[in-house]
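> I have a structure I would like to understand better, so I am pasting it below and will then ask my questions one at a time.
The values are calculated or read from the model by the stated rules, or taken from the named source; none is laboratory data. Values in this document were obtained by computation on a predicted structure and should not be read as measured data. Here the Cβ positions follow ideal geometry from the backbone for every residue, glycine too, while neighbour counts run over all protein chains shown.
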Protein chains: 4
Amino acid sequence: MKKISKKNTTPEYGFGSNTAGQRLMNADGTANVKRIGEPSFQLINIYHSLITMSWRKFNCMVLCTYVVVNFLFACIYYFIIPDGELGGMIYHNSTQKFLEDFFFSAQTLSTVGYGRLNPVGTSMSIVAAIESILGLMGFALITGLLYGRFSRPNAKLLFSQNALIAPFKEGKALMLRFANARRNSLIELEANIVFSYNETVKDKITRQFQTLRLDVNRITYLTMSWTIVHPINEESPLLNLTEEDLKAVDAEFFINIKAIDDTYAQQVHSRTSYKWNNVVWNAKYITAIGIDEQGVSTIDVGKLNAFQQLSDEVTK
Amino acid sequence: MKKISKKNTTPEYGFGSNTAGQRLMNADGTANVKRIGEPSFQLINIYHSLITMSWRKFNCMVLCTYVVVNFLFACIYYFIIPDGELGGMIYHNSTQKFLEDFFFSAQTLSTVGYGRLNPVGTSMSIVAAIESILGLMGFALITGLLYGRFSRPNAKLLFSQNALIAPFKEGKALMLRFANARRNSLIELEANIVFSYNETVKDKITRQFQTLRLDVNRITYLTMSWTIVHPINEESPLLNLTEEDLKAVDAEFFINIKAIDDTYAQQVHSRTSYKWNNVVWNAKYITAIGIDEQGVSTIDVGKLNAFQQLSDEVTK
Amino acid sequence: MKKISKKNTTPEYGFGSNTAGQRLMNADGTANVKRIGEPSFQLINIYHSLITMSWRKFNCMVLCTYVVVNFLFACIYYFIIPDGELGGMIYHNSTQKFLEDFFFSAQTLSTVGYGRLNPVGTSMSIVAAIESILGLMGFALITGLLYGRFSRPNAKLLFSQNALIAPFKEGKALMLRFANARRNSLIELEANIVFSYNETVKDKITRQFQTLRLDVNRITYLTMSWTIVHPINEESPLLNLTEEDLKAVDAEFFINIKAIDDTYAQQVHSRTSYKWNNVVWNAKYITAIGIDEQGVSTIDVGKLNAFQQLSDEVTK
Amino acid sequence: MKKISKKNTTPEYGFGSNTAGQRLMNADGTANVKRIGEPSFQLINIYHSLITMSWRKFNCMVLCTYVVVNFLFACIYYFIIPDGELGGMIYHNSTQKFLEDFFFSAQTLSTVGYGRLNPVGTSMSIVAAIESILGLMGFALITGLLYGRFSRPNAKLLFSQNALIAPFKEGKALMLRFANARRNSLIELEANIVFSYNETVKDKITRQFQTLRLDVNRITYLTMSWTIVHPINEESPLLNLTEEDLKAVDAEFFINIKAIDDTYAQQVHSRTSYKWNNVVWNAKYITAIGIDEQGVSTIDVGKLNAFQQLSDEVTK
C-alpha cells in the first residue's frame, strides 16, 4: 500500500478515524450510521419523518389515519353511546347502523356536518364536540405539514454518476459534474471535495481525510452545469496514485455543495460521495450544453453523466 | 476589435466561456437558458410555478380547479352512484338533477354541508367522505400556497432602464440607479458589477468576465435611491473604450444587489443586466429626491430613470 | 461652528449628503422619508401593511371585511336572485327577509352551513358555491396573516430615552443602554454607532457621517441590559466638543444593533437614533440589575432610562 | 485562592462582572435571570410561551379554551338571547336546555353546523355569526401555532452530564461529549467553551471570563458523537489548577454549539454549562460507537455519559 502524502491539513470531517472498512456516506448524502439506544417515541422525529417521507407514503398515511380515526369513533358511537342519541339514522340492519355511525363520524371530523345525522343526547353531543375539535386540530396539522413539505429548502442537485480522471491543461484532473434538478435559481455556489482513505498507523488501520484543492471553488450563478475540477499536480495527494492504489486504500471522495436558493433566499446544502469504483479513469465528459434552433442556450440534464473513454496513453 | 485589459481577476460567473452571441441574462434577472431532457412532471416544479405565477393566473387556477373537481364528482354522483342515495334532491329534469349533484359536491368540497342535500346510501356516503377529506387537503394546500406566495423574500428593486456614462470627479464613470419598489426597509446592501465581453482567443470567440471596482460598494440603509458608480480610471477595463468598442465586443453588464429585508430578516438578492445598447453616453441623472411643503424628504420613484443628455465634449 | 476632525472613514449610510436640516431617522428606527410617484395599488404593500399594523387595527379590519362581504352577498341574494331560491326562510317583513339573506351569507362564508337556510335554485346555488370558496380562501389568507404577524423576527429592544455623556475611566464617554423587551434569548449581538453632523463645504451645508469606535462592540448573550460605550478620547471625533457644538452642527447619533433571536434562529436588526437634544451631559445610569430575596439576579426593565445628574466639574 | 493567568482575551459574554455567587446559566442553556418591571400582558410573550411550552400543556390549553369559550357563549345564549331564537331544541328541563345551548355553541365554533340546532331570531343569528368567525380565527391561530411549534429550529443536542479531566496525548485535557438528539443532519458545527470564575480585584469579587482553546473547534458533519477537547497545556488558564481550586473560584464552563440543521437549512444554537461539581477528574469516556452484525456503524445515544474512573496517578 502506497504512502499518501499529506498536502492539506483538513478539518475533522465528523466521521471518526476508526471507521475503516465501510462506505461512510450514501450516494444521496445521508450518513451510513445506525442510531441505537434512543427513546422509541419522539414527537419531533415523527414530524421529521412526515416532512421527509415520499408523497405517496404521506398521502396514504393521511387517508389511513382518516379511516382509522373514523372507525374508532364509529365504535364509540355504536358500542358505548346509548341508542337513539344519534338522530336521523336510516338503517335496516346492524351493519347499516354501524355505517351510519361511521359516516356521521366522517361528517363530524371533516366539519362538513350535513345535519341529517345529528347528535341529540348529551353523551353523543360531548363525543361529537370532541371529535370536531380533533378534526380541526388534525387539519391544522396537515396544513402545517403540507406547507413544511413544500417550503423545505429544495435544492436538489443532479450529480454525474461517475467522477472522471480526465486530461486537464498539461496534466490530468479529477472531475465531476452536476446541474440543478429544479427550476429555481441557485446563486453563490461553493464546492468542496474531501478525499478519505485508509492509512496504517502503528499497525492499526485508521481513516484519513484531506481536502482537495479545486481549480474554481465558487461561482456566482448556476445557469447550466458546473464541472468541478481538482487538478492532479504537485499540490495534490492524488499525484502518482493509480486505480489500484485507490482501491487498496478504499478511497472515498465526499462532495459538499453550498448555495443560496434564490426563490426563498435560503441557504441550501447538498452532499454526495464517490467510492473508488465510481471513478472512471482516462475519460472526459461530453458537453450537455447546446443551442436550439432559436439560438437560445440549452442544457440537457439527461446527458449529465455522458462521458467518453479516451485512449489509454493519457494516464501513463 | 480593441484588446480589453485585464484589471481584476473575476470569479467564474456561472455562464460558460463559449456562450458568445446572445443575451445571457434577461432584464428581470433570470437566465436566458432553456432546460431540456428533464422529466416532464415534477411536483416541486409545479409548486414552484404556483408560488411564482401572477396573482391573476393563480386565482384563476384555484377557481378552475374548484369547478373541475366539482364537475368530476358530480359525474360520479350522477352516473355511478345508484339513484336515491342522495337525499333531499329537488328536480324536474335531468339537467336539474345533475346540477343538484354538482352543488352537493360543492357543498361537500367546501365543507359547508347545508344538509338539505345529504348522502343516505353507503356508496354515496363513502364518496362524499372522500370528497370532504380531499376538500380539506386542497384547502390546506391553498393556505400554504397563499402564505408561501406572500412570505417569499420580496425585495423588488426598481432599476433605471439605462446605465449612463456620466462625468465623475475629474473623469467619467459608469452609473446606474435603483430604488426600493416596496415599502419595507432594506439594510446592509452590497452591490457588484460584472463586465462581460467577447474576446478572440486563438481564433475562437470566448466570453470574458471582469468585476468592476465601485466607488462605494455597500451602504447600511436604503432610504432613497442609490446611484452605483464605477469610476472609469486606470484601474478600469473600460478606460479608453468607446460606444463602438462596447458594441464590437457585445458588452453586457451584470448587476448583483444583496440586501437584508428588515421586515422578515431575510437575505434578498436582485439581479439585472444592461447590454451595450442600454448604456447612454455622456448624460447624467436628474435627482429624484426633493423636499415637500412640510420639509420632509421625498423620493419620486417615477423619476428613477430621468436623465439629461450633456454636451458632447465631456466624453472626449 | 467648530471643525470636526475625521477620525474614521465611514461607509455610506444610505442618507445622501444633501439632507441637512431635518431628523433623518425616527426614534422607532424607520426612515423619515416620504415616497411619491409609486402606483397607488400594490398587493405586496397591502400585505406588508396587514403584517405590520397594530392588533387592534388588524382585528377591526378582519371583522369589518366579514361584515361588508356578508352585506354585499346579502344584497345579491335579496335584489338579484329570484325569490324562493333560498329555502327555509322565516320572515314577516322585508327587513327580516334581508336579515335572513345576510345570515345565510354569514353561514356560507364561515362554512358553518346549518342548513335551515339552504339554496334550492340554480342561481342561488352558484352564488353560494362561489361565496363558500371565497370564504375558504379568505380564511386561508387570515391563517397566513396570523402566522406571518407572529413569526416575524420580533426582537424588540428597549432603548434608554437618553444617551449620556458620562465619566468613563480617566475621561468621559458617550453611553446608551438597552435591554431585550421580549422574553426570547438574543445571542451574538453586535452594536454600531454612526455620528452624523452638518459641515460647510464650499459654502454649502452637507451632511457628514462617521462611525464611532466602541469599547466593546459585540457580546455573546444578552442576559440583562447592555450599556454601549464610546470613549471620548483622541480617536473620537467628539473630543473637545461641547453641548453647544453638537447643537450647532445639528448632531444625530444612529444606533444599529444586530443579533440572533435564539427561539427562531433568525437574524434581527434594531435601530434608533438620538438627536443632540436627547443627549444628557454629565450624568450616569443607575443600575437596573439587582438580586431578589432568593438570590437570583434580576433586571428591572422599567428602570432602563434611570440616570442621575452629576456635579458639573466632570465635563470641564 | 490561586491567581488564574489570563491566556485569552475574551469577548464580553453578556453576564456582568458583578454576578458572583450563583449559577449564571441553567443546564438547558437558559439564563438564570429574573425579569421584573415589565408590563404584565404582552401578546408576543404569550405567543412565545405557546410556542415553547410542552405538548401536554399546549393540548390541555387548547381543549380548555374550547370548553371555556363554548361555556361563555352558552351563557349568552341561555341568559341573554330571548327564548325561541334557537330552533330545533329538544329538552325537558333547564339543564338539558343549557346543554343544548352549549352544544350549539360547540357546533358553531367548530363550524360543523349540523343544523338541527339553528338560529332563527336576529339576535341569535348575530351572536352565532360572531362565534363562527371567532372559531375560524381561533382555528387559524392554532394552525399557525402548530406549524410554529414544529418548524422551530429543533437542534437538540444531548450533552454528557459530566465534563471530564482526561488523559490526552502527553498531558491531560478537559473533555465533554455530545450527540444529536434528533434524526436530522447537523452540518458545519462550531464549538466554543468559555471558562468563568471569581477573581478578587481591589477586595471586590468580580466574575472573569476566558475562552478556552480547543483541539478541534469545527467539524463538517455530525454523524456520531463529538468529543470536544480543551488540552490543558501552557496556553490554558486551567494549567496546574486542582479540583479544589475550581471550587474555590466557583468555576463554571459555558459551552456554545453553532450548527446548521440540514433539513430546514436553519442555523441552530445550543448552549449548556458545567459547574465545577459537574467536572469529574481523572476519568475517560467509554466509546458509544460500535458496529452491528451487518457491519454498519452504530451510535448508542444512551451511553453518551458513560465514563470510567482511572487510577489516581494521571492527575498528579
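> Considering only segment A:194-216, I want to know if a residue exists there that is closer than 30 Å to B:Arg152 by Cβ and either crowded, with 21+ Cβ neighbours inside 10 Å or out of contact with any Ser or Thr (no Cβ under 9 Å at 6 or more places or on another chain) (or both).
Looking for residues that are closer than 30 Å to B:Arg152 by Cβ and either crowded, with 21+ Cβ neighbours inside 10 Å or out of contact with any Ser or Thr (no Cβ under 9 Å at 6 or more places or on another chain) (or both), one finds none in segment A:194-216, hence no.
> Considering only segment B:183-223, state which residues are part of a strand (DSSP E or B) and more than 26 Å from B:Ile4 (Cα to Cα).
Within segment B:183-223, B:Leu186, B:Ile187, B:Glu188, B:Leu189, B:Glu190, B:Arg218, B:Ile219, B:Thr220, B:Tyr221, B:Leu222 meet the criteria.
> Going through segment B:144-165 one residue at a time, which ones are part of a strand (DSSP E or B) and either without any contact (Cβ under 8 Å) to a residue 12 or more places away in the chain or surrounded by 21 or more Cβ atoms within 10 Å (Cβ to Cβ) (or both)?
Scanning segment B:144-165 gives B:Leu157, B:Phe159, B:Ala163, B:Leu164, B:Ile165.
> Taking A:Arg182 as meeting all but one of (1) touching a residue at least 40 places away in the same chain (Cβ under 8 Å); (2) among the basic types (Lys, Arg); (3) in contact with a helix residue (DSSP H, G or I) (Cβ under 7 Å, 6 or more places away or on another chain); (4) more than 14 Å from chain D (Cβ to nearest Cβ), write down the number of the exception.
Of the numbered conditions (1) touching a residue at least 40 places away in the same chain (Cβ under 8 Å); (2) among the basic types (Lys, Arg); (3) in contact with a helix residue (DSSP H, G or I) (Cβ under 7 Å, 6 or more places away or on another chain); (4) more than 14 Å from chain D (Cβ to nearest Cβ), the odd one out for A:Arg182 is (1).
> Being without any contact (Cβ under 8 Å) to a residue 24 or more places away in the chain, at the interface with chain D (Cβ under 9 Å from one of its Cβ atoms) and either touching an Asp or Glu at 6+ places or on another chain (Cβ under 6 Å) or of a type outside the set (Asp, Glu) (or both) is the filter here; which residues of segment C:292-309 pass it?
C:Gln294, C:Gly295, C:Val296, C:Thr298, C:Gly302, C:Lys303
> Let me ask something additional. Go through the residues of segment C:224-232 one by one and say whether even a single one is more than 8 Å from every other protein chain (Cβ to nearest Cβ), touching a Ser or Thr at 6+ places or on another chain (Cβ under 8 Å) and crowded, with 18+ Cβ neighbours inside 10 Å.
Yes; the residues of segment C:224-232 include at least one that is more than 8 Å from every other protein chain (Cβ to nearest Cβ), touching a Ser or Thr at 6+ places or on another chain (Cβ under 8 Å) and crowded, with 18+ Cβ neighbours inside 10 Å.
> Is it true that C:Gly16 is at pLDDT below 75 and crowded, with 17+ Cβ neighbours inside 10 Å?
yes
> Can you tell me which residues in segment B:185-203 are over 25 Å from the mean Cα position of the chain (by Cα) and free of Cβ contacts under 8 Å to residues at least 60 places away in the same chain?
B:Val201, B:Lys202, B:Asp203
> Is it true that some residue in segment C:262-272 is among the charged types (D, E, K, R) and more than 25 Å from the chain's Cα centre (by Cα)?
There is no residue in segment C:262-272 that is among the charged types (D, E, K, R) and more than 25 Å from the chain's Cα centre (by Cα).
> What helices (runs of 4 or more DSSP H) completely inside segment C:42-141 contain at least 3 residues that are surrounded by fewer than 16 Cβ atoms within 10 Å (Cβ to Cβ) and facing another protein chain (nearest Cβ under 10 Å)?
C:43-52, C:55-75
Listed here are the residues, each with its yes/no results for (1) under 19 Å from C:Arg152 (Cα atoms); (2) more than 20 Å from the chain's Cα centre (by Cα).
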residue: D:Glu131; (1), (2): no, yes
residue: D:Leu134; (1), (2): no, yes
residue: D:Phe139; (1), (2): no, yes
residue: D:Arg149; (1), (2): yes, no
residue: D:Leu164; (1), (2): no, yes
residue: D:Lys172; (1), (2): no, yes
residue: D:Ala179; (1), (2): no, no
residue: D:Arg182; (1), (2): no, no
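> Which of the residues spanning segment D:122-157 are hydroxyl-bearing (Ser, Thr, Tyr) and more than 20 Å from D:Tyr77 (Cα to Cα)?
D:Thr143, D:Tyr147, D:Ser151 - these are the residues of segment D:122-157 that are hydroxyl-bearing (Ser, Thr, Tyr) and more than 20 Å from D:Tyr77 (Cα to Cα).
> Continuing with the same structure: Is there a residue in segment C:243-255 that is more than 30 Å from C:Asn198 (Cβ to Cβ), in the same structural domain as C:Ala163 (by TED's automatic domain parsing), assigned to a strand (DSSP E or B) and out of contact with any helix residue (DSSP H, G or I) (no Cβ under 7 Å at 6 or more places or on another chain)?
No; the residues of segment C:243-255 include none that is more than 30 Å from C:Asn198 (Cβ to Cβ), in the same structural domain as C:Ala163 (by TED's automatic domain parsing), assigned to a strand (DSSP E or B) and out of contact with any helix residue (DSSP H, G or I) (no Cβ under 7 Å at 6 or more places or on another chain).
> Looking at A:Ile76, A:Ile51, A:Ile46, can you tell me which residue is more than 40 Å from the chain's Cα centre (by Cα), of a type in the set (A, V, I, L, M) and over 20 Å from C:Gly113 (Cα atoms)?
A:Ile76
> Now a separate question. Can you pull out every residue in segment C:224-242 that is among the polar types (S, T, N, Q) and assigned to a loop (DSSP other than H, G, I, E, B)?
C:Asn233, C:Ser236, C:Asn240, C:Thr242, listed by residue number.
> Of the residues D:Thr220, D:Thr206, D:Thr200, only one is modelled with pLDDT under 85, over 14 Å from D:Ile255 (Cβ atoms) and touching a Pro at 6+ places or on another chain (Cβ under 8 Å); which?
D:Thr220
> May I ask you to verify whether A:Pro167 is more than 9 Å from chain B (Cβ to nearest Cβ) and closer than 30 Å to B:Asn118 by Cβ?
No.
> Considering only segment A:178-193, I want to know if a residue exists there that is in contact with a Pro (Cβ under 9 Å, 6 or more places away or on another chain) and of a type in the set (D, E, K, R).
Looking for residues that are in contact with a Pro (Cβ under 9 Å, 6 or more places away or on another chain) and of a type in the set (D, E, K, R), one finds none in segment A:178-193, hence no.
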